[in-house]
Amino acid sequence: MRKTALAVLAAFFLMALSGLAIGQPRVGPPPPRVEAPTLQPSPNHVWVPGYWKWTSVNYEWVDGRWVKAKKNRVWTPGTWEQVGARWVWKPGKWDKIPKNAEKPKVPVPKK
């Protein structure tokens with residue numbers, strides 16, 4: 001009985017410890033990297049900038065990329081937001097373009 005209780009306690013401790021590592025980070029991400037987009041594949045593509053991704057232990061950079069634009073939508077990049085003592089990732093998304101807004105300008109890389 002005592003060995004079983006000790007094994008259950010050890011398993012619980014390991015699960016709790018692993019849950020802390022997988023959770024949200026307590027330290028904010030590094031500043032975004034400066035990226036040089038490649039040539040735009042077509043006028044129908046928009047640049048989605050890179051971002052820092054939490055990997056349960058540290059941050060890892062995810063490179064930016066060109067993606068096909070969605071009709072009447074504009075890409076809003078993701079952001080890291082501090083909530084209490086933790087940092088939470090709000091992923092990027094396609095937002096509707098308001099009818100009275102001007103057409104967004106696609107950044108064109110310098111040659």
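The values are calculated or read from the model by the stated rules, or taken from the named source; none is laboratory data. Everything numeric in this text was worked out from a predicted model, so none of it was measured. Using ideal geometry, Cβ is built from the backbone for each residue, glycine included, and neighbour counts are taken over all protein chains shown.
Looking across V34, V67, one residue alone is in a loop (DSSP other than H, G, I, E, B) and either surrounded by 12 or more Cβ atoms within 10 Å (Cβ to Cβ) or without any contact (Cβ under 8 Å) to a residue 40 or more places away in the chain (or both). It is V34. Restricting attention to segment 38-45, does a residue exist that is at pLDDT below 95, closer than 23 Å to P77 by Cβ and surrounded by 10 or more Cβ atoms within 10 Å (Cβ to Cβ)? Yes, some residue in segment 38-45 is at pLDDT below 95, closer than 23 Å to P77 by Cβ and surrounded by 10 or more Cβ atoms within 10 Å (Cβ to Cβ).
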